[in-house]
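What follows is a short report on a single structure.
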Amino acid sequence: GVLMRTGEQPHASDVVNYAPFTLLPSAVPQALFEQAYAVQQDFNLLVDTISQNKEFLEKTLASTIKVDDFTARLFRIYMQVLEEGLAQTVFLGINRSDYMFDCGLGGTAALRQIEINTIAASFGGLTSRTADVHRLVLKVLGKTEEASRLLPNNPAKGLALGIAKAWELYGSQRAVVMFLVEDVQRNIFDQRCVENELWNRNIRVVRKRFRDVFEQGSLDASRRLYMDGQEVAVVYYREGYVPQVYDEQNWEARLLLERSRAVKCPDIATQLAGTKKVQQELSRPGTLEKLLPGHPEAIARIRATFAGLYSLDEGEEGDRIAATAIADPDRFVLKPQREGGGNNLYGEELREVLEKIKDSPERTSYILMDKIKPQPALNYLLRAHSPLQVSECISELGIFGVYVRQGQELVLNRAAGHLLRTKAIEHADGGVAAGVAVLDTPYLV
């Protein structure tokens with residue numbers, strides 16, 4: 001069941017291949033694994049709080065929207081929807097907080113957050129099946145005791161639970177859940193796992209693209225969303241996080257969805273809360289205290305996961321940071337405001353780009369982050385049509401979080417499972433969908 005469509009025939013469900021995975025589960029320090037789970041509800045609360053704080057978003061993204069057209073367009077829709085007044089009363093967040101294990105100078109591993117994905121966080125479905133694959137492999141190798149130690153993991157069920165709760169609170173038995181999907185859906189089976197969980201709860205699911213919304217979508221007088229005459233209770237975005245997918249029609253479709261009463265996962269404010277610029281602002285002293293007054297324990301847990309993050313805004317501080325990075329590029333990662341993997345810059349490439357933009361406002365569309373130094377381990381990466389060889393690998397742990405808010409009340413807030421992705425050390429950046437990382441299972445040590 002751990003399947004993807006092929007690159008050659010991305011629209012065919014009768015021509016499939018296995019999704020890439022590691023032959024063996026990878027060792028993960030138990031204390032750091034538990035730390036990542038323990039902080040997930042805090043991150044859910046934080047993302048939800050930011051999404052409701054217009055002043056914070058406006059101030060934090062002010063420099064970015066001057067130079068980053070994509071973030072600026074999203075922000076314009078956000079402001080337009082607020083001016084009209086929100087029709088949406090139920091809010092659903094599905095995010096994934098990603099971490100690496102930094103072995104730094106002391107040699108003791110520390111949990112360091114890479115980013116938090118607030119839109120289209122994928123692989124909750126396929127990773128629900130991956131532990132079974134590794135359990136079988138260990139048994140075949142005669143390692144039954146080790147096989148029994150692999151944790152059960154079912155994010156597909158957890159994500160569906162959140163969607164089902166939002167659908168129920170929307171309050172119309174006849175309304176459907178709409179998965180907003182890409183034109184090319186190689187990762188369809190990952191989505192199907194979540195979709196099937198909803199059908200099992202007798203919740204109808206339809207799959208539509210932005211183009212379909214533009215052609216068939218409409219709002220009634222109370223801004224209920226209709227597609228092809230069917231009322232839509234929840235819009236679950238698996239699309240819409242990169243600029244390339246938006247033409248003018250798709251921007252219009254996005255605006256229509258955002259203006260509607262339907263529960264958007266995420267709504268546009270939550271997508272903005274997931275930008276790299278917000279992530280960098282959160283690491284500034286005092287920011288978390290302002291956003292989460294009265295939650296000192298949550299703030300301590302969140303802050304303990306932060307890597308060094310630096311602003312490239314115009315001014316003395318930004319100039320100094322840019323100069324430091326140009327002088328020692330291997331210490332840092334340069335990140336644009338994008339989701340989906342494959343966008344970050346390292347080493348010489350980082351230096352070249354910074355040299356080019358260091359005196360222009362364009363540099364404010366990036367943030368700089370300390371480069372994390374994980375301890376590599378040996379494993380086999382199984383990929384269709386690739387030679388089988390042992391590789392030095394590093395892993396990234398993601399924790400899925402789900403929350404539902406009705407009005408001001410958080411009615412659901414939980415961690416929904418985990419995702420371990422592993423890649424060979426020569427690949428600096430990129431996830432499974434980007435063709436670099438492969439699916440893995442944590443073996444706690």
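The condition of being at pLDDT 90 or above and within 17 Å of residue 439 (Cα to Cα) holds for only one of 396, 409, that being 396. The numbered conditions (1) more than 21 Å from residue 248 (Cα to Cα); (2) out of contact with any Phe, Trp or Tyr (no Cβ under 7 Å at 6 or more places or on another chain); (3) not acidic (Asp, Glu) are all true for residue 66 except (1).
Of the listed requirements (1) under 30 Å from residue 60 (Cβ atoms); (2) within 22 Å of the chain's Cα centre (by Cα); (3) modelled with pLDDT of 95 or more, residue 422 misses just one: (1). Contact map, the stretch 105-132: first residue at positive phi and touching a residue at least 12 places away in the same chain (Cβ under 8 Å), second residue assigned to a loop (DSSP other than H, G, I, E, B) and open to solvent by 30 Å² or more (accessible area, probe 1.4 Å), Cβ cut-off under 9 Å, separation 6 or more or different chains; pairs are 120/241; 120/340; 123/433. Among the strands (runs of 3 or more DSSP E) lying completely within the stretch 297-403, list those that include at least 2 residues that are without any contact (Cβ under 8 Å) to a residue 12 or more places away in the chain, in the same structural domain as residue 162 (by the TED database) and among the hydroxyl-bearing types (Ser, Thr, Tyr). Qualifying strands (runs of 3 or more DSSP E): none found. Among the residues of the stretch 254-293, the ones that are buried (at least 22 other Cβ atoms within 10 Å of the Cβ), of a type in the set (Asp, Glu) and not in a loop (DSSP other than H, G, I, E, B) come to 1 in all. Taking the criterion of being crowded, with 16+ Cβ neighbours inside 10 Å and touching an Asp or Glu at 6+ places or on another chain (Cβ under 9 Å), the residues of the stretch 382-409 that qualify are 391, 393, 395, 396, 397, 398, 399, 403, 405. Being more than 23 Å from the chain's Cα centre (by Cα), in a helix (DSSP H, G or I) and assigned by the TED database to the domain that holds residue 404 is a description that does not apply to residue 58. Set side by side, the residues 190, 132 differ, and just one is in contact with a Ser or Thr (Cβ under 7 Å, 6 or more places away or on another chain), assigned by the TED database to the domain that holds residue 211 and either farther than 23 Å from residue 253 by Cα or part of a strand (DSSP E or B) (or both), which is 190.
Here residue 21 meets the list (1) touching a strand residue (DSSP E or B) at 6+ places or on another chain (Cβ under 8 Å); (2) open to solvent by less than 20 Å² (accessible area, probe 1.4 Å) almost entirely, failing just condition (2). Scanning the stretch 10-45 for residues being of a type in the set (Phe, Trp, Tyr) and touching an Asp or Glu at 6+ places or on another chain (Cβ under 9 Å) gives a total of 1.
Of the residues making up the stretch 82-125, those that are small (Gly, Ala, Ser) and under 23 Å from residue 278 (Cα atoms) are 93, 97, 110, 120, 121, 122.
With respect to the conditions (1) part of a helix (DSSP H, G or I); (2) in contact (Cβ under 8 Å) with a residue 60 or more places away in the chain, residue 233 falls short on a single one, namely (1). Got at least one residue in the stretch 270-285 being under 22 Å from the mean Cα position of the chain (by Cα), under 27 Å from residue 220 (Cβ atoms) and modelled with pLDDT of 95 or more? The answer is yes; a qualifying residue exists.
Residue count for the stretch 1-33 satisfying the condition of being among the charged types (D, E, K, R) and either under 30 Å from residue 444 (Cα atoms) or not in a loop (DSSP other than H, G, I, E, B) (or both): 1.
Of the residues making up the stretch 66-81, just one is surrounded by 20 or more Cβ atoms within 10 Å (Cβ to Cβ) and modelled with pLDDT under 95, namely 68.
Restricted to the stretch 210-245, and to residues there that are of a type in the set (Phe, Trp, Tyr) and crowded, with 18+ Cβ neighbours inside 10 Å, the residue that is farthest from residue 52 (Cα to Cα) is 210.
Residues satisfying the criterion are present in the stretch 367-378 (criterion: closer than 29 Å to residue 80 by Cα and not aromatic (Phe, Trp, Tyr)). Can you find a residue that is touching a Pro at 6+ places or on another chain (Cβ under 9 Å), open to solvent by less than 30 Å² (accessible area, probe 1.4 Å) and closer than 24 Å to residue 371 by Cβ anywhere in the stretch 300-308? No, the stretch 300-308 contains no residue that is touching a Pro at 6+ places or on another chain (Cβ under 9 Å), open to solvent by less than 30 Å² (accessible area, probe 1.4 Å) and closer than 24 Å to residue 371 by Cβ. Taken over the stretch 82-127, the residue count meeting the criterion of being among the hydrophobic types (A, V, I, L, M, F, W, C) and surrounded by fewer than 15 Cβ atoms within 10 Å (Cβ to Cβ) is 3.
I'm checking my understanding of the structure. Among residues of the stretch 137-175 that are in contact with an Asp or Glu (Cβ under 7 Å, 6 or more places away or on another chain) and not in a loop (DSSP other than H, G, I, E, B), which one is farthest from residue 440 (Cα to Cα)? If we take residues in the stretch 137-175 being in contact with an Asp or Glu (Cβ under 7 Å, 6 or more places away or on another chain) and not in a loop (DSSP other than H, G, I, E, B), then 160 is farthest from residue 440 (Cα to Cα). Can you find even one residue in the stretch 206-213 that is over 26 Å from the mean Cα position of the chain (by Cα) and either in a strand (DSSP E or B) or modelled with pLDDT of 95 or more (or both)? No, every residue in the stretch 206-213 fails to be over 26 Å from the mean Cα position of the chain (by Cα) and either in a strand (DSSP E or B) or modelled with pLDDT of 95 or more (or both).
The values are calculated or read from the model by the stated rules, or taken from the named source; none is laboratory data. Computed from a predicted model, the values in this text were never measured in an experiment. Positions of Cβ are generated from backbone atoms using ideal geometry, with glycine treated the same way; all protein chains shown enter the neighbour counts. Side chains included, ligands, DNA and RNA excluded: accessible areas come from the protein's heavy atoms. Shrake-Rupley method; radii C 1.70, N 1.55, O 1.52, S 1.80 Å.
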